[in-house]
Amino acid sequence: ELKGIVFVIQSQSNSFHSKRAEDLKRDILKQAVDLGKELPTVLLIHQIDRHEGAWTILPLMKDFSLTYGRNSSWIFFCEEDTRIQVIKLLETLRRFDKSKEWFLGKALYDEESTIIHHYAFAENPTVFKFPDFAAGWALSIPLVNKLAKKLKSEPLKSDFTIDLKHEIALYIWQKGEGPHLTAVPEFCTDDVNSYKVDHCATTFSNFLPLCGEPVNKEDVFVAVKTCRKFHGDRIPVVKQTWEREAALIEYYSDYADISIPTIDLGIPNTDRGHCGKTFAILERFLNHTSPRTPWLVVVDDDTLISIFRLRKLLSCYDPNEPVFLGERYGYGLGTGGYSYITGGGGMVFSRAAVQKLLASKCRCYSMDAPDDMVLGMCFSGLGIPITHSPLFHQARPMDYPKDYLSHQIPVSFHKHWNIDPVKVYFTWLAPNTEESHNGKKVGYNREDL
């Protein structure tokens, strides 16, 4: 029965995202009413605020078990842009014996072992399947109860959350003692208008959010972090690829080179971390750029980014709110911890966020502290939630499953290692690969890279 399903929307508190999640909740409940069914429970992750790490889901298992462990059959997770055909979802779940331990989803796998999964299953990475969150995924209540019990006796280790969907599948698998992901063909990521979706219980719109006109070029200030040893090989790639998309761009280095030109912030280069340099960039943005420039983007010199697409995405956010946007990672979220935006994929700040951060006096504990983690700690201390977008990527295109990228219009990738970065940019990110024909992707030529 529908009332036996608990829907959990992986929502966020930013006003744009919370509205989309509320719209999805309304749609699920309306479908239930139209079917004449008793209403199911629909939860929004960002409203379960007892946990800073609620988005990592595993810390919620004990609550789920306690609250729903007796009267429910399934917990169904989805993203705010997942579209659900409730009647088809019911039919799909009925195929599985709810008294058994089930982990259901659309299966993704790595074609080659990848750094973002700590090179797991290096012998043959294709054997391990993990769910595409965009298609929705489900846990039977017996499995939820089992996970809750395990978490009680063995709390989560306080380390990094990098790719949640892979890490959840690993945790459930328990080195072969727990269930594998069961692939369910009705959990789909095809667009709702695709001819393929007749059998689908879920669909996913693969568009770049656009909430009005893209923000003006002059509204985005781009700061590139570099150092003298990379002036000769990394900066020319930026100039050949995405620099022309930026109206306002400065290169920050440990050496002033007028041919680029770079600006020496007076911060010596460090081999790692770069916290001192990043905070100097934030101070400079606040004090030396026009107060009318609402957005700051901080990227590494080996980040490949589409400023053209970012301007569309930023049309959905209010720069008067403290917005800190990018790809979300977590540190120690099982035991308190904090979330942060990982630096390589690009970190986007509203001016309001920079003002609040610098007014707080939260600073680097050392010049070579990891800048992205210190920023996460600071914003967490200020009670400002970070905003996650899966369109920013800390790694290269081949570090992600092809099927996962196939329903994305990416904003960034990171690292030049073992790739031709110019080719990656023109294949995946250049404006002419997707010129917004009704939000549909056009003319992608993504050969294997």
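The values are calculated or read from the model by the stated rules, or taken from the named source; none is laboratory data. Just so you know, these numbers come straight off a predicted model, no measurement behind them. All Cβ positions, glycine included, derive from the backbone under ideal geometry; neighbour counts span all protein chains shown. For accessibility, only protein heavy atoms count, side chains too; no ligands or nucleic acids. Shrake-Rupley method; radii C 1.70, N 1.55, O 1.52, S 1.80 Å.
Simple point charges give the picture: +1 on the Cβ of Lys and Arg, -1 on the Cβ of Asp and Glu, and for the range 217-429 a dipole about the Cα centre of about 240 debye. On the principal axes of its alpha carbon atoms, the chain extends 68, 47, 47 Å, with the longest extent given first.
Cross-link check: pairs 229/312; 239/312; 356/402; 129/157; 62/312 evaluated at a Cα-Cα cut-off of 28 Å; pairs beyond the cut-off: 229/312; 356/402; 62/312. Under the shape rule built on the C-alpha gyration tensor, where the axes satisfy a ≥ b ≥ c, the range 2-204 is rounded, since a/c falls short of 1.5.
Neighbours of residue 174, meaning other residues whose beta-carbon lies under 10 angstrom from its beta-carbon, give a summed charge of +2 when Lys and Arg score +1 and Asp and Glu score -1. Each Lys and Arg adds +1 at its Cβ and each Asp and Glu adds -1 at its Cβ; summed about the Cα centre, the range 360-408 shows a dipole of about 120 debye.
The chymotrypsin sites (Phe, Trp or Tyr not before Pro) of the range 104-170 meeting both criteria, a DSSP state outside H, G, I, E and B (loop) and at most 13 other C-beta atoms within 10 angstrom of the site's C-beta, are 119. Each Lys and Arg adds +1 at its Cβ and each Asp and Glu adds -1 at its Cβ; summed about the Cα centre, the range 2-204 shows a dipole of about 940 debye.
With all protein chains kept in place, the per residue accessible area of the range 258-353 amounts to 32 square angstrom at a probe of 1.4 angstrom. Per-atom-type breakdown for the range 2-204 gives carbon and sulfur 51% of the accessible area (1.4 Å probe, protein chains only). Carbon-plus-sulfur fraction of the accessible area of the range 301-392, 1.4 Å probe, in percent? Carbon with sulfur: 53 percent of the solvent-accessible area. Taking 78, 364 and ordering them by how much accessible surface each has at a 1.4 Å probe, largest first, produces 364, 78. Quick check: the angle from helix 15-34's long axis to the longest principal axis of the chain, C-alpha only, nearest 10 degrees? It is inclined by approximately 20 degrees.
Amide H to amide H, with H built 1.01 Å from N, residue 256 comes under 5 Å of 264, counting only residues 5 or more places away or on other chains. Any idea what the relative contact order of the range 217-429 is, in percent, if you count C-alpha pairs under 8 Å spaced at least 6 apart? Computed over the range 217-429, the figure is 23 percent. For the chain, the relative contact order comes to 15 percent (Cα pairs under 8 Å, sequence separation of at least 6). Of the trypsin sites (Lys or Arg not before Pro) found in the range 63-135, those that fall in a DSSP loop while having at most 15 other beta-carbon atoms within 10 Å are 70, 95, 98, 100. Which one, 317, 405, 360, is farthest towards the positive end of the dipole of the range 217-429 when Lys and Arg carry +1 and Asp and Glu -1 on their Cβ? Checked the options; the winner is 317. Seen against the Cα atoms of the chain and their longest principal axis, helix 275-288 is set at about 70 degrees. Counting GluC sites (Glu not before Pro) as exposed when in a DSSP loop with at most 11 other beta carbons within 10 Å, what is the longest stretch of the chain free of them? By the stated rule (loop sites, at most 11 other Cβ atoms within 10 Å), 178-434.
When a/c reaches 1.5 or more, the comparison of a/b and b/c decides; with that in mind, is the range 217-429 rounded, prolate or oblate per its Cα gyration tensor? Cα axes put the range 217-429 in the rounded bin. Taking all protein chains together, 149, 415 sort by accessible area into 149, 415, largest first [probe 1.4 Å]. What the Cβ-Cβ distance of residue 355 and residue 26 gives, at R0 = 30 Å and to the nearest 0.05, is a FRET efficiency of 0.30. Working from label points 7 Å from Cα in the Cα-to-Cβ sense, the residue 118 to residue 213 distance is 4.9 nm. Taken per residue, the accessible surface of the range 31-144 reaches 45 Å², heavy atoms only and a 1.4 Å probe. Taking the C-alpha atoms only, the angle from helix 371-381 to the longest principal axis of the chain is near 60 degrees. Across the range 93-252, the mean sequence separation of Cα contacts (distance under 8 Å, 6 or more residues apart), normalised by length, yields a relative contact order of 21 percent.
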